[in-house]
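Written out below as structure tokens is the structure these notes cover.
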């Protein structure tokens, strides 16, 4: 028997309406559980604030270290400009000899820039640093040589450039102290690994805190859960408010951690600015990026949801109405 086209269209319409109604009912149930769990937290403000505060401290520590790491890397990038080689030339060289040497060294592929410093410029700078401007005029003959400040093109070609400069006939000495930059890079890498490890450990701690809080809430509402089960409530209906409670704890803990870190950056902004001015530099602390804030907030919320799921499932199996 062939079903008429009109009947098929009506049946399809009823199925769509039923599906839409079921979806709206599902959304209403979850919205009710979402906001009712938030209301349950508001009914116990002291305990909720203490739990959120502990979570905020646990999340703020790796977040603050990550921000410190980002700003330290910025400082290291600025200090990369200081990895120049000081090339001291032989005494008695005339300007023409220095110009030819500068032109030849500048053409090397390992070299980025070459800045010549004359003996007169070196004496003036030394006199200003030592506060002996008048004494410098009393020196009959300038004992300083020409100095070339050579900046490497790349970090990898630094050693090759050093070897080539030492082989130059008119070069008396090459001074380079780049170990502190290498130490800084090693410390930065070590700090990055430490931040990841600490973040994983504290994430586990956050899950334990939220799971234990939800477990205490289940025990306090055990009789209520048993009554709900007796009147026919499904396990999903009973489980849902506790899952959203864990979600709220995680989200609020992440938000509080972000506010703590932002407050700390605001308090440190002026001292850091004053310190940078003493080095004739302008340096402002960078705050957490939107990606990091989203990772902390959503990650802690999902972590709370996961921990609540495990705890609720375990305790619901133990409750026998």
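Where a number appears in this text, it was derived from the coordinates with a stated rule and is not lab data. Only a predicted model underlies this, so the values are computations on that prediction, with no experimental measurement involved. As a convention, Cβ positions derive from the backbone with ideal geometry for all residues, glycine included, and neighbour counts pool all protein chains shown.
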Treat each spin label as a single point 7 Å out from the Cα along the C-beta direction, and report the residue 75 to residue 263 distance in nm.
-> 2.5 nm
Would you mind putting 85-94, 234-243 in packing order, based on average other-beta-carbon counts within 10 Å, highest first?
-> 234-243, 85-94
Under 20 Å from the 7 Å Cα→Cβ point of residue 219, by amide nitrogen: which residues of region 41-74?
-> 41, 44-52, 54-55
Pair residue 164, residue 124: separation of 7 Å Cα→Cβ label points (nm) | 3.1 nm
Where in region 161-175 is the amide nitrogen less than 19 Å from a point lying 7 Å along the Cα-to-Cβ axis of residue 91?
-> 169-175
What is the gain in length, in nm to one decimal, between residue 57 and residue 237 on full extension, counting 0.36 nm per residue of separation less the C-alpha to C-alpha distance?
-> 61.6 nm
FRET efficiency for residue 302 and residue 212, using Cβ-Cβ distance with R0 set to 22 Å, rounded to 0.05 | 0.80
Using a Förster distance of 22 Å, how high is the FRET efficiency between residue 191 and residue 112, based on the Cβ-Cβ distance and rounded to 0.05?
-> 0.20
